[in-house]
Amino acid sequence: MERKRGFEIAKGFENSNINLPKRKTKFSAGYDVEAAEDCVVPSFKKGMKPTLIKTGIKAYMQDDEVLILANRSSNPGKKGLILSNSIGVIDKDYYGNEDNDGHIMFAFYNIKDEDITIKKGDAIGQAIFQKFLITDDDTAIGERKGGFGSTSK
C-alpha cells in the first residue's frame, strides 16, 4: 500500500505507549489527539508563554496537504483551555525535521482561575488533513531546517 498520509510515533516516544490519533465516527473530519504525558497548564497570567502539550506523534502527508490542529469544542468551557495560536499548522516538511523529528505539540492557555492537570491519554485536540492551493506567481524555494516555530528562520 502506498503511504499517502498518516501518523507515526515521534522519536523519543517509541516506548511511551502512545495511541495514534483516530476518528471516532465515520463522518468525523478530525482525528482525536491525546496527551503523551501528564502536565499542568497554569492559570493564565499576563505575559506568560503558552504551555506546550506533547503528543508523541508526527504526521506525514502529500506535497499539497497540511495538517490543521484544532481545539476540542469542549475544552474552553470544561477545562478553560484555548489554543494560543487559534489553530496549529503542520506543514509537510515539518515531518522528520532535524530539531524534533516533527513532534506535534498543542500550545494552550488556561483561562480558568485554577491550574488544569492534563493526564497522559487525555484527548486534547483534533488533527484535520486538508488540501491547500498556491498562487500563480508562487516562487517558494526555501527548505525547512528546524522544528517548532522555524518556518520564518
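Considering (1) surrounded by fewer than 14 Cβ atoms within 10 Å (Cβ to Cβ); (2) farther than 27 Å from Gly142 by Cα; (3) in contact with a Phe, Trp or Tyr (Cβ under 8 Å, 6 or more places away or on another chain), say which one Asp64 fails and leave the rest.
Unmet condition: (2).
Can you name every residue in the range 2-16 that is within 14 Å of Lys120 (Cα to Cα) and touching a residue at least 12 places away in the same chain (Cβ under 8 Å)?
From the range 2-16, those within 14 Å of Lys120 (Cα to Cα) are 13, 15-16; that's our starting set.
If the condition is that a residue be within 14 Å of Lys120 (Cα to Cα) and touching a residue at least 12 places away in the same chain (Cβ under 8 Å), then Phe13, Ser16 are the ones that fit.
Where in the range 65-123 are there strands (runs of 3 or more DSSP E), lying wholly inside it, with at least 1 residues that are within 18 Å of Gly30 (Cα to Cα)? Reasoning before the result, please.
Numbers: elements: 65-71, 81-83, 88-91, 105-110, 116-118.
Passing ranges, in order: 65-71, 81-83, 88-91, 105-110.
For the range 25-38, name all the residues that are farther than 16 Å from Thr55 by Cα and either in a strand (DSSP E or B) or in contact with a strand residue (DSSP E or B) (Cβ under 6 Å, 6 or more places away or on another chain) (or both). Give the derivation first.
Step one: list which residues in the range 25-38 are farther than 16 Å from Thr55 by Cα, which gives 25-29.
Hit for the range 25-38 is Ala29, nothing else.
How many of the residues making up the range 23-47 are out of contact with any Ser or Thr (no Cβ under 9 Å at 6 or more places or on another chain) and either closer than 23 Å to Lys120 by Cα or free of Cβ contacts under 8 Å to residues at least 12 places away in the same chain (or both)?
First, pick out the residues of the range 23-47 that are out of contact with any Ser or Thr (no Cβ under 9 Å at 6 or more places or on another chain): 23-32, 43-47.
From the residues that got through so far, the ones that are either closer than 23 Å to Lys120 by Cα or free of Cβ contacts under 8 Å to residues at least 12 places away in the same chain (or both) too are 23-28, 30-32, 43-47.
So the count comes out to 14.
Output the residues belonging to the range 93-118 that are over 16 Å from Lys45 (Cα atoms), in contact with a Lys or Arg (Cβ under 9 Å, 6 or more places away or on another chain) and either at pLDDT below 95 or of a type outside the set (A, V, I, L, M) (or both).
Going through the range 93-118, the residues over 16 Å from Lys45 (Cα atoms) turn out to be 93-106, 117-118.
Next, only the ones that are in contact with a Lys or Arg (Cβ under 9 Å, 6 or more places away or on another chain) stay: 93-106, 118.
Within the range 93-118, Asp93, Tyr94, Tyr95, Gly96, Asn97, Glu98, Asp99, Asn100, Asp101, Gly102, His103, Phe106 meet the criteria.
Look at the range 1-23 and say how many of its residues are part of a loop (DSSP other than H, G, I, E, B), over 17 Å from Gly88 (Cα atoms) and modelled with pLDDT of 95 or more. Before the answer, list the steps.
Just the residues of the range 1-23 that are part of a loop (DSSP other than H, G, I, E, B), to begin with: 1-5, 10-21, 23.
The next check asks that each one be over 17 Å from Gly88 (Cα atoms); those that pass are 1-5, 10-20, 23.
In the following step, the residues that additionally are modelled with pLDDT of 95 or more were identified as 4-5, 10-20, 23.
Going through the range 1-23 one residue at a time, the tally reaches 14.
The values are calculated or read from the model by the stated rules, or taken from the named source; none is laboratory data. Everything numeric in this text was worked out from a predicted model, so none of it was measured. Every residue, glycine among them, receives a Cβ derived from its backbone with ideal geometry; neighbour counts consider all protein chains shown.
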